[in-house]
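K.L.:
Before I ask anything, here is the structure I am working with.
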Amino acid sequence: MAAPRLAMGLMSGTSADGIDAVVLRITPDGAMAVVAHHFLPYPDSLRNALLDFGNEEHRISARDMAAMDARVGALYAEAALALSAQCAEAQRVEVIGMHGQTVCHTPPDNSTQIGNPAQLLTALGRPVVADFRRADMALGGQGAPLAPLFHQAAFAAPDHWRAVVNLGGIANISWLPPQGGGALHGYDTGPANGLMDAWFNRHRGAPGYDHDGTWARTGTVLPTLLDAWQRDPFFRQPPPKSTGRGSFHLERLFALGAPEPDDEPADVQRTLLELTVRSVAQAIEDSAVTPERILLCGGGAYNGFLVERLSTVLAPATVLRTSDVGVAPEQVEAAAMAWLALRRLDGLPGAAASVTGARRDAVSGALYAPPV
């Protein structure tokens, strides 16, 4: 019998809080399991710089960008080495999938992820696959979202439609058809944690986030403000579509409708949370299919108030976390990078044209291989 395959995946999302590293095991029948996980938080100084850099109005010198690329690359190597130290199976991975840190995503022209893959190759001596988006974009696609093919392989059901909603800095959704029941599709729905984190940090001082939605729960939705924000053109744009922190940041949102001086900050936080809920719900309402189960992943899956609101608004669909079907929410995207890296080694598509709008499915990722 063939042995299971092992791959490492590393991911840092638009929330820029740090790097998730996993070892993914895939058995010959396709069953997947995360066998180890390590999280390396970014230093506050780096996180703040990345968040500033991600704002499209921010300007940075080529020298500073090169320095940040090297610093992120070094931290990716540190996260991979820490995972290897705690997991014997990490020593046997075939390949490492490295997402890098997105600092610009403006399709169809550009998507930039920083973090030098050669540093990871040098540190671990294993093949590294990085730069997953540009092959799809060269074929006219959005280059995002990247995970739907992995979601289909890991979470699809044989007899009913499912949806996976990733609640990172930006929210995206994948519709997973049953066997023989339709085409895979998905797209970014709009903001998730990014705007809530930014408002929380502005009013609570230290870098962090609204744990479990506790602060938002104390607030009340501001209807006029929510209505103004929902007029953002992105919400009316038909798929395929994707976005990023450079598009959804507080200054852009407040240009559509700014809080009044006497608005309570907690009410603004509550309204930002509701914007995420409404944009996800609108995406599902606009779809031609109705999923029976909706699986949540990403950091927002641990925001109890956000999950509560989604469960209410998306009923009668059953809302679960991906941990209920085998993969912890914070591990899903790193596991996708591991899976995509194996696809690149095998010459198989990693980006689906039905998701991104490209002319055809793309074999995604640049391979950095050790010397023969």
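K.L.:
Using only the Cα atoms, what convex hull volume per residue in Å³ does the range 1-57 have?
P.N.:
Considering the Cα atoms of the range 1-57, their hull volume per residue is 81 Å³.
K.L.:
Would you kindly state how much longer the chain becomes between GLN237 and ARG359 on full extension, computed as 0.36 nm times their sequence separation minus their alpha carbon distance, in nm to one decimal?
P.N.:
Gain on extension, GLN237 to ARG359, equals 42.0 nm.
K.L.:
Moving to a separate point now. Rg to Rh ratio, the range 125-191, alpha-carbon atoms and Kirkwood radius?
P.N.:
1.03
K.L.:
A follow-up question, please. Using a 1.4 angstrom probe on the protein heavy atoms only, line up CYS297, CYS104 by accessible area, largest first.
P.N.:
Solvent-accessible surface, decreasing: CYS104, CYS297.
K.L.:
Using a Gaussian network model on the chain with a 10 Å cutoff between Cα atoms, which of GLY219, GLY186, GLY350 fluctuates the most?
P.N.:
GLY219
K.L.:
Turning to a different aspect of this structure: Nearest 500 deg cm²/dmol is fine: what mean residue ellipticity at 222 nm does the chain get from its DSSP H runs of n ≥ 4 alone, each adding -39,500 (n - 2.57), divided by its residue count?
P.N.:
-11000 deg cm²/dmol
K.L.:
Rounded to the nearest 0.05, what FRET efficiency do ASP212 and ALA74 give with R0 = 41 Å and r taken as the Cβ-Cβ distance? Could you check?
P.N.:
With a Förster radius of 41 Å, E is 0.80.
K.L.:
Also: Run the 1.4 Å probe and let me know the accessible area of ARG134, rounded to the nearest 10 Å².
P.N.:
The accessible area comes out at roughly 140 Å².
K.L.:
By how many degrees, between 0 and 90 and to the nearest 10, does the Cα long axis of helix 332-346 differ from the longest principal axis of the chain?
P.N.:
Between the helix axis and the principal axis of the chain, the angle is about 40 degrees.
K.L.:
Describe numerically, in nm with one decimal, the distance between label points set 7 Å from Cα along Cα→Cβ at GLU308 and at ARG59.
P.N.:
Result for the modelled spin labels: 4.6 nm.
K.L.:
Only bridges whose two residues both fall in the range 1-145 count here: according to DSSP, what percent of them are antiparallel, nearest 5?
P.N.:
Roughly 75 percent of the DSSP beta bridges within the range 1-145 come out antiparallel.
K.L.:
Here's something else I'd like to know. What is the gain in length, in nm to one decimal, between SER45 and LEU320 on full extension, counting 0.36 nm per residue of separation less the C-alpha to C-alpha distance?
P.N.:
That works out to 95.5 nm of additional length.
K.L.:
OK, next. In the range 302-321, which residues have a backbone nitrogen under 12 Å from the label point lying 7 Å from HIS160's Cα in the Cα-to-Cβ direction?
P.N.:
Counting only backbone N, you get 316-320.
K.L.:
Limiting things to C-alpha atoms, what are the Rg and the maximum Cα-Cα separation (Dmax) for the range 171-294, in angstroms?
P.N.:
Spelled out, the Cα radius of gyration and Dmax of the range 171-294 are 15.8, 55 Å.
K.L.:
Where does the chain land on Rg(C-alpha)/(2.2 N^0.38 Å)?
P.N.:
0.94
K.L.:
Among bridges DSSP assigns within the chain, what percent are antiparallel (round to 5)?
P.N.:
That works out to approximately 70 percent antiparallel.
K.L.:
Continuing with this model, one more query. For the chain, what % of the accessible area comes from carbon and sulfur atoms, probe 1.4 Å?
P.N.:
52
K.L.:
Considering the zone a paramagnetic label at LEU256 would reach in this model (a point 7 Å from Cα along the Cα-to-Cβ line), which residues of the range 186-218 have amide N under 19 Å from it?
P.N.:
Inside the label zone: 187-200.
K.L.:
Shape call for the range 231-372 from the C-alpha gyration tensor, a ≥ b ≥ c root eigenvalues: rounded (a/c under 1.5), prolate (a/b greater than b/c) or oblate?
P.N.:
Prolate, because a/c is 1.5 or more and a/b exceeds b/c.
K.L.:
Return one whole number: the accessible area per residue of the chain in Å², for a 1.4 Å probe.
P.N.:
With the other protein chains kept in place, the chain gives 41 Å² per residue.
K.L.:
Pop out the ³J(HN,Hα) list for the range 130-136 in order, Karplus 6.51 cos²θ - 1.76 cosθ + 1.60 with θ = phi - 60°, rounded to Hz; leave Gly and Pro as x.
P.N.:
9, 6, 6, 9, 6, 4, 5
K.L.:
Report the extension gain between THR220 and ALA66 in nm, rounded to one decimal, defined as 0.36 nm multiplied by the number of residues separating them, less their alpha carbon distance.
P.N.:
51.1 nm
K.L.:
For the range 95-224, rounded, prolate or oblate, judged on the Cα gyration tensor with a ≥ b ≥ c (square roots of eigenvalues), a/c < 1.5 rounded, else prolate if a/b > b/c?
P.N.:
Here the range 95-224 falls in the oblate category.
K.L.:
Now a separate question. For the range 133-179 and the range 202-279, what is the separation of their Cα centres, given in Å?
P.N.:
Using only Cα atoms to place each centre, the spacing works out to 24 Å.
The values are calculated or read from the model by the stated rules, or taken from the named source; none is laboratory data. In this text the structure is predicted, and so the values were computed from the model without any measurement. So basically every Cβ, Gly included, is an ideal-geometry build from the backbone, and we count neighbours across all protein chains shown. Keep in mind that these areas ignore ligands, DNA and RNA; they rest on the heavy atoms of the full protein, side chains included. Shrake-Rupley method; radii C 1.70, N 1.55, O 1.52, S 1.80 Å.
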